[in-house]
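In what follows, a single structure is set out as structure tokens and then discussed.
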Amino acid sequence: MSSKENAAINQLFEKLECRYALRVLWALRDGHPQTFRLLQDSVGGITPNTLNTRIKELRECGLLEHGSDGYTVTLSGQDLLKRLSDVQAFANRWVAARAKK
């Protein structure tokens with residue numbers, strides 16, 4: 001991997017590693033807008049302050065937007081979530097394999 005590619009993945013991981021960032025995106029993966037309160041319930045266990053911070057960060061990096069019906073992921077966010085769905089399949093296989101041990 002080139003240094004530019006490393007820098008790009010590091011920037012993305014830095015955003016996604018923030019507490020609850022992935023959970024916020026994952027909660028919106030079905031494409032339906034969610035109000036702040038509904039999103040807080042969907043994520044579970046997140047304080048309003050933390051959710052506000054994650055929303056702000058995810059909006060600034062172009063993965064989340066707010067419309068008249070609530071929060072949704074952007075086209076870039078949808079692309080990321082599509083790629084992360086492969087991680088879900090991996091996680092299912094990984095957990096199943098570990099349960100057999």
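The values are calculated or read from the model by the stated rules, or taken from the named source; none is laboratory data. All values derive from a computational prediction rather than experimental measurement. No Cβ is skipped: glycine too gets one built from the backbone with ideal geometry, and neighbour counts run over all protein chains shown. For the accessible areas, the whole protein counts, side chains as well, though only heavy atoms, and no ligand, DNA or RNA atoms are used. Shrake-Rupley method; radii C 1.70, N 1.55, O 1.52, S 1.80 Å.
Each row is one residue, and each column tells you yes or no for (1) at positive phi; (2) in a helix (DSSP H, G or I).
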position: Arg19; (1), (2): no, no
position: Arg54; (1), (2): no, yes
position: Gly62; (1), (2): yes, no
position: Asn92; (1), (2): no, yes
position: Arg98; (1), (2): no, yes
*Working only within the stretch 1-25, note down all residues that are open to solvent by less than 70 Å² (accessible area, probe 1.4 Å), of a type in the set (A, V, I, L, M, F, W, C) and under 16 Å from the mean Cα position of the chain (by Cα).*
Ile9, Leu12, Leu16, Cys18, Ala21, Val24, Leu25
*State yes or no: is Gly45 free of Cβ contacts under 8 Å to residues at least 12 places away in the same chain, closer than 17 Å to Leu28 by Cα and small (Gly, Ala, Ser)?*
yes
*Between a first residue in the stretch 29-42 that is open to solvent by 70 Å² or more (accessible area, probe 1.4 Å) and a second residue that is at pLDDT 95 or above and not in a helix (DSSP H, G or I), which pairs have beta carbons less than 6 Å apart while being 6 or more apart in sequence or on different chains?*
Thr35/Gly70
*asked:* Of all residues being over 11 Å from the mean Cα position of the chain (by Cα) and in contact (Cβ under 8 Å) with a residue 24 or more places away in the chain in the stretch 58-71, which is least open to solvent (accessible area, probe 1.4 Å)? Just the residue, please.
replied: Gly70
*For the stretch 77-89, does any single residue satisfy the condition of being at pLDDT 95 or above and either more than 15 Å from the chain's Cα centre (by Cα) or open to solvent by 100 Å² or more (accessible area, probe 1.4 Å) (or both)?*
no
_Test of understanding: among Leu25, Leu12, which residue is touching a Gly at 6+ places or on another chain (Cβ under 8 Å) and either in a helix (DSSP H, G or I) or over 24 Å from Asp86 (Cα atoms) (or both)?_
Leu25
